[in-house]
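Okay, structure first, notes after.
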Amino acid sequence: MQTKLVLANPAEIETGLLAVLAVDAQTAKGPDAKPDPRLLSADEAIQAAAASVLASGEFKAGANETLLLHAPAGLAAKRLLLVGLGKQAKATVHSVRNAAGTAVRFTKPRAIRELAFALPESNSLPLAACARAAVEGAFVGDFDPDTYRSDRKDVSVQSFTVVAPATADQESLQPAFDEGVVVGESQNLTRSLVNEPGNKLTPTVLGQRAAQMAQQVGLKWSIYSTDKLHELKMGAFWSVSQGSAEPPALIVLRYEPEGVTEGPVLGLVGKGITFDTGGISIKPSDNMEKMKYDMAGGAAMIGAMRAIALLKPKVRVIAIVCAAENMPDGKAQKPGDVQTAMSGKTIEIINTDAEGRLVLADGLSYARQLGATHLIDAATLTGACVVALGMINAGVFANDEDAYGRFNAALATSGEKFWRLPVGDEYAEMIKSEIGDIKNTGGRWGGASTAAEFLRVFAEDTPWVHLDIAGVAWVEDARPYIAKGPSGIAVRSVLEWVRSYHPEPPKPAEEPAPAEPPAPPSYRASNFADTGGGI
Ligand code: BES
Ligand code: MN
Ligand code: ZN
């Protein structure tokens, strides 16, 4: 998909389809409060073209609602698509991101090749942030997980043009727009990796794909395998991989900006289980095919590293992806086995299906050994996190308030939904082993927190944030702005977390408060971060 930013009157844009946004300005509630759809464009020709359908009540400007008009009078575009953002008071930059995805997903199956997207003209929606979000949303919408379908038609939108008002300032918009391209493409790289089946994307292939990306964007990289795991005494990581005919891959990517020799070194650690059968504690066959996405955390770190390499924050970053296949086999580890992790801690294996924390344990130790001063990990770690938060929010855990605060602040830009869950010494009690130092499961209750607590042991005293993305890495039901399939969750938030360590003072928040912020109910935890966003 080719993308460009133009400053023009939307009515004068010659294109197959021009998308214009609308909000529902109705503030009254109750059965008699009819929707009051209003276009977010001051252009008179566009207002005139949409006037009759807006008056008809057929289009309510609900979030991601669409209405198509052909041959709109007075417009150079062949078609005019109205896209709703929902209630005016709740419309945010994240609604614009989704609306752009909706417009692309509307356009694609109709084989319309060119789409122009008019940025909203609204005081509460800052243009630069909208330009970035729109192009990100367009990439998100353009992705379909259909690489292995022979009947796949090449109906991708070929050109996506973001149209800013003619009076806007190109110098402030262009960098934001360019950033959106990088972020959108990086998120889609992650999604394409997550979509690959286990037979095509083995740990070795994941390593090759990471190296290829690193080469393209100028990152340093090393891809290691079995020998290196033994050399580093990564007994926990190796224990997962020992039951598979596929060798593991220890993927290391380094971003070292020129002239930066001081300050933090950020360690990004990703779970890269290219297929999780559960091992000897084998999973039931129902839905087991989904376990090809058990490398989504690792893929998110690879996507984030691509964006980091291209956006060049002034902070050093190391990414470590621990890739392995979790298989049952004559050589596979067994419940009751004791493994010695790289840190020296001994782990009693209770359930071989709790493998993610094993590979991450050594990944975290290795990141520390390589000099990471701050850690963040991403993993499809527990079904318990899905039970707790559903497929709406991912879980976030931390041992450090500053590192967590930066992540929470990053959500305002990324629009991704994460909800904090606890770790702490009480959970440590639940994973104490009588045979070794620690056991790899903590029983039935609080499974997301006991898994996180296990990781906390290996983060030791390094500030650390853990993301459990099991419930949101795969979109189960297609939405107007995203296909069913891999979501690419965490790429944007990890990127913004990393950028928060850039030494320059942080930019003022780009997202203004909604016109009428709802009073938060008192039961909400203080860490509540309702970004109003989605994936
Ligand atoms: N990869 C799974 C977690 C998972 C579950 C990811 C659902 C995506 C969707 C993980 O390796 C796992 O199997 N976890 C076990 C841990 C248990 C044995 C303590 C789980 O959550 O059931
Ligand atoms: Mn598992
Ligand atoms: Zn797993």
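Give, rounded to the nearest 20 debye, the magnitude of the charge dipole that the chain has about its Cα centre when Lys and Arg contribute +1 at Cβ and Asp and Glu contribute -1 at Cβ.
Numbers: 51 positive and 62 negative charges, 154 e Å.
For the chain, the charge dipole is close to 740 debye.
Do you know the relative contact order of the chain, to the nearest whole percent, from alpha carbon pairs under 8 angstrom that are 6+ apart? Spell out each step's value before the answer.
Numbers: 1311 pairs, mean separation 82.2, N = 535.
Value for the chain: 15 percent.
Can you say what percent of the DSSP beta bridges in the chain, counting only those with both residues inside, are antiparallel? Round to 5. Numbers along the way, then the final one.
Numbers: 31 of 77 bridges.
Within the chain, antiparallel bridges account for around 40 percent of the total.
Give me the distance between the Cα centres of region 413-471 and region 143-219, rounded to whole Å.
If you average the Cα positions of each part, the centres end up 32 Å apart.
So, in nm, how far is label SER433 from label LYS283 when the simple model puts each one 7 Å beyond its Cα toward the Cβ?
Placing both labels 7 Å along Cα→Cβ, they lie 2.3 nm apart.
Is region 53-192 best put as rounded, prolate or oblate by its Cα gyration tensor, with a ≥ b ≥ c the root eigenvalues, rounded for a/c under 1.5, and otherwise prolate when a/b is larger than b/c, oblate when not?
Working: a/c = 1.58, a/b = 1.13, b/c = 1.40.
Here region 53-192 falls in the oblate category.
Where in the chain lies the longest segment free of chymotrypsin sites (Phe, Trp or Tyr not before Pro) that are both loop residues by DSSP (not H, G, I, E, B) and have at most 11 other Cβ atoms within 10 Å? Mind showing how you got there, number by number?
On the way: sites that count: TYR148, TRP445, TYR523.
So the longest stretch without any such site is 149-444.
List the aspartates and glutamates whose Cα lies under 15 Å from the Cα of LYS220, skipping any in the same chain that are fewer than 8 positions away.
GLU256, GLU258
Which angle between 0 and 90 degrees, to the nearest 10, do you get for helix 170-195 versus the longest principal axis of the chain when only C-alpha atoms count?
50 degrees
Among SER433, SER414, HIS466, which residue has its Cα furthest toward the positive end of the charge dipole of region 401-491, with +1 on Lys/Arg Cβ and -1 on Asp/Glu Cβ?
Towards the positive end, the residue furthest out is SER414.
Please give the length that would be gained between LEU68 and THR226 if that part of the chain were fully extended, namely 0.36 nm times their separation in residues minus their C-alpha to C-alpha distance (nm, one decimal).
Numbers: separation 158, 0.36 × 158 = 56.88 nm, distance 5.64 nm.
The LEU68-THR226 span can extend by a further 51.2 nm.
When the Cα centres of region 58-98 and region 244-310 are compared, how far apart do they sit, in Å?
38 Å
Once both labels are modelled 7 Å past Cα along the beta-carbon direction, what's the GLU258-VAL387 spacing in nm?
It works out to 5.3 nm between the two label points.
Taking 30 Å as R0, compute the FRET efficiency from the Cβ-Cβ separation of ASN199 and ALA166 and round it to 0.05. Don't skip to the end; give the middle numbers.
Values: r = 52 Å, r/R0 = 1.75.
Once rounded, the FRET efficiency stands at 0.05.
What 222 nm value per residue comes from the helices of the chain, counting each DSSP H run with n ≥ 4 as -39,500 (n - 2.57) and dividing by all residues, nearest 500 deg cm²/dmol? It would help to have the intermediate numbers written out before the result.
Working: 14 runs with 177 residues, N = 535.
Mean residue ellipticity, 222 nm, calculated: -10500 deg cm²/dmol.
Using 0.36 nm per residue of separation minus the Cα-Cα distance, give me the extension gain between ALA25 and ASP461 in nm, one decimal. Write out the running numbers ahead of the final one.
Numbers: separation 436, 0.36 × 436 = 156.96 nm, distance 5.05 nm.
That pair, ALA25 and ASP461, stretches by 151.9 nm at full extension.
Hey, which lysines would be in cross-link range of LYS484, C-alpha to C-alpha under 21 Å, not counting anything within fewer than 8 residues on its own chain?
Candidates past the 8-residue exclusion: LYS108, LYS153, LYS200, LYS290, LYS292, LYS417.
Fully extended, how many nm does the chain gain between VAL217 and THR147 (0.36 nm per residue separation, minus their Cα-Cα distance)?
Details: separation 70, 0.36 × 70 = 25.20 nm, distance 2.39 nm.
Gain on stretching VAL217 to THR147: 22.8 nm.
For Cα pairs less than 8 Å apart in space and 6+ apart in sequence, what is the mean separation divided by the residue count of region 2-165, i.e. the relative contact order in percent?
Numbers: 367 pairs, mean separation 50.6, N = 164.
Taking the mean separation of contacting Cα pairs over the length of region 2-165, I get 31 percent.
I'd like the orientation of helix 401-414 relative to the chain: the angle between its Cα long axis and the longest Cα principal axis, in ° from 0 to 90, rounded to 10.
For 401-414 against the chain, the angle is about 30 degrees.
None of the figures in this text is laboratory data; all of them are computed from the coordinates on show. Bear in mind that the values here come from a model prediction, so they are computed numbers and not experimental data. Cβ coordinates were reconstructed from backbone atoms using ideal geometry, including for glycine residues, and neighbour counts include every protein chain displayed.
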